[in-house]
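The values are calculated or read from the model by the stated rules, or taken from the named source; none is laboratory data. These numbers come from a predicted model, not from an experiment. Cβ placement follows ideal geometry from the backbone for every residue including glycine, while neighbour counts extend to all protein chains displayed.
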Amino acid sequence: MALPWGCRWPLTTLVLFHLLIKSAISRLEQVPTPPLPILPLPSFSQLKWQQREVIMFLHFGVNTFTGSEWGTGHENPAIFNPVALNAYQWVDTAVEAGVSLVILTAKHHDGFCLWPSKYTDHSVVQSPWKNGHGDVVQELVEAAKTRGVDVGLYLSPWDRHDRRYGYDLAYNEYYLAQLQELLKEYGSVREIWFDGAKGPNAVNMSYYFTEWFDMVKEFQSSINIFSDAGPDVRWVGNEKGFAGNTCWSTINRSKLAIGKAGIVDYLNSGEPKGRDWLPAECDVSIRRGWFWHKSESPKKLSMLLEIYYNSVGRNCVLLLNVPPNTTGLISQQDVKRLKEFRNAIDTIFSTNLAENCFLIKASSQRGGKGSSFGPENVIDNDHLWTYWSPRDDAKGDHWIEFRSGTDGGLRFNVVRIQEAIGLGQRIKRHEIYVDGIRVASGTTVGYKRLHRLDGGVVHGQIVRIRIREYKAVPLISSVGLHFDPYWNP
Ligand code: FUL
């Protein structure tokens, strides 16, 4: 009689086979998984935006020629004639400043359009520039594409020229028609700016934001929509370029509205319990005004660095405005200042003393020693997806420590801390110690927190970062100990 199939294998082979499978499974079980994210989380496009750190605004239009900041809407298009306009110069300036996204005012409050919109007679078509055949948006898009830079557009809702303004349906249809032109005809647009500013002729005007936003997403899947209230990027609440000392990327959108009064402090700091991921963008001009004016000159380097520390260094993106002049070029003074600015940032941050430490240790490690969540992850080049994670069940403070490898010790005046925000923003309060003495403290960290030490340069052997309060176990993706030669407190 034939044996059943299974009985053809000797018992010992079966037992061995069973043990092999069991050990493979248990080995699999031992590989520690990443921790659970804490909601809300950034979208793919929001993460990409955050990593840009510094982006550039280009305010350009009839105001450039009249010297005003808010045009009346009655400007004669004949004044618009930037004879030497060269969008490659704009984009090259951006590239040299380390900028990967430039946002142009396609239409400001004066209603004059920098592209040949078929829905108005108030545009480049009526100007002498290129005999009415020019298109500033197109020139920017082409130059940016050639240089590998992304483009964003500003289309002012408030319009002081168009006669439909004040008539809800007619104007909203006009605005939507222009949005479609801009988002359909010019390739990929990465950010669209909805400015909340409104003047006296706007009292009775309501905007159909829901329709606007939905149409934007219909045309551009990877775009971020900026406004006072998002939905993708929020205003920081001022035009100085300063975020709150505490700055959460989380907030409750239900408390926000475009142009709403009394919310600037809330926008500036966000909220730890916020249900929406809506990070803040800090807009500020390199000069006093947004548009180019002969009498103005760029801010000092020290001021630009102050802005950088208070925007990028407080978990935000810096939107720095650099206005082209009447010839259609960015002035050489501004080009020079931007180069100094980029050079300063590179000088400060290209050397990380933490990388020379002989030992980096932490209060605990998820999955134990040898797991992929060790403290050494904070000095690799991935500032998002490799991180130090403490154990889930570790109670109290979490800390990470850096020990100098040389007798000379560590000499620095800037500390950089970054959270793995892909898994949510977590840290509520942290402190920094050098050889047991506290040198800095703060609240939120987020994508990037920079501390310029108030006491100036510190010199020591052991640096410890303590996380004192957190929403969930802190995940630190990067730490830097830097020397800033421009910082003289
Ligand atoms: C404000 C506008 O009124 C300014 O002119 C400028 O465009 C700035 C970025 O936004 O609300």
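Here are the numbers:
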{"read-out": "Residues (out of contact with any helix residue (DSSP H, G or I) (no Cβ under 8 Å at 6 or more places or on another chain) and under 23 Å from Pro200 (Cβ atoms)) located in the stretch 136-172", "value": "Tyr154, Ser156, His161, Arg163, Tyr167, Asp168, Leu169, Ala170, Tyr171"}
{"read-out": "Among the residues listed as Gly152, Gly111, Gly196, the single one being at pLDDT below 95 and either of a type in the set (Val, Ile, Thr) or within 16 Å of the ligand (Cβ to nearest atom) (or both)", "value": "Gly196"}
{"read-out": "Test: residue in the stretch 405-420 that is outside the structural domain of Val312 (by TED's automatic domain parsing), among the hydroxyl-bearing types (Ser, Thr, Tyr) and in contact with a Lys or Arg (Cβ under 8 Å, 6 or more places away or on another chain)", "value": "no"}
{"read-out": "Strands (runs of 3 or more DSSP E) within the stretch 447-489 that include 2 or more residues assigned by TED's automatic domain parsing to the domain that holds Cys357 and in contact with a helix residue (DSSP H, G or I) (Cβ under 6 Å, 6 or more places away or on another chain)", "value": "449-452, 476-482"}
{"read-out": "Selection within the stretch 153-184 - without any contact (Cβ under 8 Å) to a residue 60 or more places away in the chain and of a type in the set (Phe, Trp, Tyr)", "value": "Trp158, Tyr165, Tyr167, Tyr171, Tyr174, Tyr175"}
{"read-out": "Search result, residues across the stretch 277-295 that are part of a loop (DSSP other than H, G, I, E, B), more than 13 Å from the ligand (Cβ to nearest atom) and without any contact (Cβ under 8 Å) to a residue 60 or more places away in the chain", "value": "Leu278, Ser295"}
{"read-out": "Members of the stretch 198-238 that are in contact with a Cys (Cβ under 9 Å, 6 or more places away or on another chain) and more than 18 Å from Arg253 (Cβ to Cβ)", "value": "Asn238"}
{"read-out": "Test: Met303 is more than 16 Å from the ligand (Cβ to nearest atom) and surrounded by fewer than 23 Cβ atoms within 10 Å (Cβ to Cβ)", "value": "yes"}
{"read-out": "The stretch 138-156, residues that are within 23 Å of the chain's Cα centre (by Cα) and either buried (at least 17 other Cβ atoms within 10 Å of the Cβ) or within 12 Å of Asn86 (Cα to Cα) (or both)", "value": "Leu140, Val141, Ala143, Ala144, Val149, Asp150, Val151, Gly152, Leu153, Tyr154, Leu155, Ser156"}
{"read-out": "Criterion: within 16 Å of the ligand (Cβ to nearest atom), modelled with pLDDT of 95 or more and out of contact with any His (no Cβ under 8 Å at 6 or more places or on another chain) - qualifying residue of Val322, Val312, Val335", "value": "Val322"}
{"read-out": "Hey, Ala84 assigned by TED's automatic domain parsing to the domain that holds Ile286, out of contact with any Lys or Arg (no Cβ under 7 Å at 6 or more places or on another chain) and either assigned to a helix (DSSP H, G or I) or more than 16 Å from the ligand (Cβ to nearest atom) (or both) or not", "value": "yes"}
{"read-out": "Residue check for Asn356: modelled with pLDDT under 95 and in contact with a Gly (Cβ under 9 Å, 6 or more places away or on another chain)", "value": "yes"}
